[in-house]
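Asks: Right, I'll just put the structure down here and ask away after.
The values are calculated or read from the model by the stated rules, or taken from the named source; none is laboratory data. Remember, predicted model here, so these are calculated numbers, not experimental data. Virtual Cβ from ideal backbone geometry, glycine too; neighbours counted across all protein chains shown.
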Amino acid sequence: MILKLAWRNIWRSKRRTAITLGMIIFAVVLSTLMMSIKEGMYANMIKSTAGDFSGYAQVHLKDFWSEKTLEYAFEIDDDVVKILEEEKTVDGYLPRVEGFALAAVHNITKGSAVLGIDVEKEKAFTNLHERVVEGEYLLPDDDAILIGNGLAKYLKIGVNDTLVLIGGGYQGRSAVGKYPIKGIVKFGSPELSKQLVFMPMQAADMFYGTNGLVTSVILKTASGKKGIIAAKHLQKKLGDEYEAMDWKQLNPELVNLIETDRVEGYVFMFILYLVIAFGIFSTMLMMLAERQHEFGVLVAVGMKRAKLAVMVWGEIFILSILGSILGLICAFPVCYTFYVKPFRYGEEMAKMAEEYGIEAVIKTSLAPEIFIQQAVIVGILASIIALYPLYKLLKINAIESMRS
């Protein structure tokens, strides 16, 4: 009965209901958009630096990641292949030979990461061929290379030019070679595009002298969460000789950057919630002031104060739930628009973002928990604030209220 009265009272004053609903809807949309942008930026950073290059998880010999030398190259035997193929969270694996060399053109040089890749597997699992912005993708038997667009700009070279690579090979041998540039690739992370050189595995074997050995096996997983799970499972199965690492272990600087920014985001969201709380509170004060005479009459004719207080709290609770649902409906198209068509930074902001190795775009996240979380927080916030009118109505004076 009380809830039925509360529902009817909501629609008695459409103006007051519209103001309250509008405030809650605005709060849900604003808070959801802010968190969606934040989480979208984090997801984009993780994908650009980890998912598109080092993978969400990878396997290598123990201590390789700290030493980063070709002396930790190993053979992918049948036992390792069987363990990788049995892991349900792994969709595929990519063998790589990863080393470093000095890239030189005339009198310009730059240290670069030179990777030997399985051309066909990279095409199937990482879509590396789609990142070619100039020239053509590699073939398995090519004696040519792909380089990042940032490296190409620094060295002032392009497709069909020749790049000299000088480095150290396997077991102390020298690694020297001249390679024509078949294509230029672009990564989401500008930092990666400034240092990467790709060559077919066959050419890498000749350059480094690895003879079929690899330094790491990149694991293809559907998401970063599955990459963490895969690394934990494989570490138990592979034993102490190998090391299975997830993207957080592979990119500790990125994790620290995200966590620091997330704390700053929590502070900002707390301030936003305070503003939202005061806005909702002001509409409730307005409602109390407008209905003082009504409340006084109800108490005077015999309605118990407790029932009156619960009825008004029910009105605000229903409005909170309704406003949160409508807020979600309004927030989704806005977030979806920025998800499909990411907003790109201006020139100055883009340069600042590139200094941190971040792609200069704002892309939202459509993770369901973001929308649900914000709607629940705003709904609870409104319900807690509704305790104030409940308290005031428990102490209402009928005569004073009817005179107001």
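Asks: Looking at the structure I just gave you, is K178 out of contact with any Pro (no Cβ under 8 Å at 6 or more places or on another chain), within 14 Å of L196 (Cβ to Cβ) and free of Cβ contacts under 8 Å to residues at least 24 places away in the same chain?
Replies: So K178 does not fit the description; no.
Asks: Also, I was wondering about something else. Identify, by number, the condition in (1) surrounded by 18 or more Cβ atoms within 10 Å (Cβ to Cβ); (2) modelled with pLDDT under 90 that K68 doesn't meet.
Replies: K68 satisfies every listed condition except (1).
Asks: Picking from S36, S13, which residue would you name as being surrounded by 19 or more Cβ atoms within 10 Å (Cβ to Cβ) and either hydroxyl-bearing (S, T, Y) or without any contact (Cβ under 8 Å) to a residue 60 or more places away in the chain (or both)?
Replies: Testing whether each residue is surrounded by 19 or more Cβ atoms within 10 Å (Cβ to Cβ) and either hydroxyl-bearing (S, T, Y) or without any contact (Cβ under 8 Å) to a residue 60 or more places away in the chain (or both) leaves just S36.
Asks: I need the full set of residues from the range 306-326 which are surrounded by fewer than 17 Cβ atoms within 10 Å (Cβ to Cβ) and out of contact with any Gly (no Cβ under 7 Å at 6 or more places or on another chain), in order please.
Replies: Once the filter is applied, which keeps residues that are surrounded by fewer than 17 Cβ atoms within 10 Å (Cβ to Cβ) and out of contact with any Gly (no Cβ under 7 Å at 6 or more places or on another chain), the range 306-326 yields A306, K307, I318, I325.
Asks: Under 7 Å between Cβ atoms, at least 6 apart or on separate chains: pull out the pairs that start in the range 296-322 with a residue that is within 22 Å of I384 (Cα to Cα) and end on any residue that is in a loop (DSSP other than H, G, I, E, B).
Replies: Filtered contacts from the range 296-322: R305/I396; W313/A386; I316/A386; F317/A386.
Asks: Same structure again: Regarding the range 259-266, can at least one residue be identified that is in the same structural domain as I19 (by TED's automatic domain parsing), of a type in the set (A, V, I, L, M) and in contact (Cβ under 8 Å) with a residue 60 or more places away in the chain?
Replies: Checked the range 259-266: no residue is in the same structural domain as I19 (by TED's automatic domain parsing), of a type in the set (A, V, I, L, M) and in contact (Cβ under 8 Å) with a residue 60 or more places away in the chain.
Asks: Of the residues that make up the range 91-109, is at least one of a type in the set (D, E) and more than 19 Å from G148 (Cα to Cα)?
Replies: yes
Okay, residues lined up against (1) more than 15 Å from V28 (Cα to Cα); (2) modelled with pLDDT under 80; (3) surrounded by 12 or more Cβ atoms within 10 Å (Cβ to Cβ); (4) more than 41 Å from the chain's Cα centre (by Cα):
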| position | (1), (2), (3), (4) |
| --- | --- |
| L274 | no, no, no, no |
| G279 | no, yes, yes, no |
| E294 | yes, yes, yes, yes |
| V301 | yes, yes, no, yes |
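Asks: K225 - would you say it is surrounded by fewer than 17 Cβ atoms within 10 Å (Cβ to Cβ), under 21 Å from D77 (Cα atoms) and either modelled with pLDDT under 95 or not assigned by TED's automatic domain parsing to the domain that holds L70 (or both)?
Replies: Answer is no for this residue.
One line per residue, one yes/no per condition, for (1) closer than 20 Å to A73 by Cα; (2) out of contact with any strand residue (DSSP E or B) (no Cβ under 7 Å at 6 or more places or on another chain); (3) modelled with pLDDT of 90 or more:
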residue: E122; (1), (2), (3): yes, no, no
residue: E134; (1), (2), (3): no, no, yes
residue: R173; (1), (2), (3): yes, yes, no
residue: P180; (1), (2), (3): no, no, yes
residue: I184; (1), (2), (3): no, no, yes
residue: F198; (1), (2), (3): yes, no, yes
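Asks: Sticking with this structure for a sec: I'd like the full set of residues that are touching a helix residue (DSSP H, G or I) at 6+ places or on another chain (Cβ under 7 Å) and assigned to a helix (DSSP H, G or I), limited to the range 190-202.
Replies: P190, L192, S193
Asks: Same structure again: Considering only residues that are more than 26 Å from V90 (Cα to Cα) and not hydroxyl-bearing (S, T, Y), which ones fall in the range 198-227?
Replies: If the condition is that a residue be more than 26 Å from V90 (Cα to Cα) and not hydroxyl-bearing (S, T, Y), then A203, D205, M206, F207, G209, N211 are the ones that fit.
Asks: Can I ask one more? State whether one or more residues within the range 72-83 are at pLDDT below 90, touching a Leu at 6+ places or on another chain (Cβ under 8 Å) and on the phi > 0 side of the Ramachandran plot.
Replies: Taking every residue of the range 72-83 in turn, none turns out to be at pLDDT below 90, touching a Leu at 6+ places or on another chain (Cβ under 8 Å) and on the phi > 0 side of the Ramachandran plot.
Asks: Filter the range 121-155 down to the residues that are touching a residue at least 60 places away in the same chain (Cβ under 8 Å), assigned to a loop (DSSP other than H, G, I, E, B) and of a type outside the set (A, V, I, L, M) and list them by number.
Replies: T126, P140, D141, D142, D143 - these are the residues of the range 121-155 that are touching a residue at least 60 places away in the same chain (Cβ under 8 Å), assigned to a loop (DSSP other than H, G, I, E, B) and of a type outside the set (A, V, I, L, M).
Asks: Okay, next question. Please pick out the residue among G135, G111, G99 that is surrounded by fewer than 14 Cβ atoms within 10 Å (Cβ to Cβ), over 28 Å from the mean Cα position of the chain (by Cα) and small (G, A, S).
Replies: G111
Asks: So which helices (runs of 4 or more DSSP H) stay within the range 321-404 end to end and still have 1 or more residues that are at pLDDT 85 or above and within 14 Å of M35 (Cβ to Cβ)?
Replies: Output list reads 368-385.
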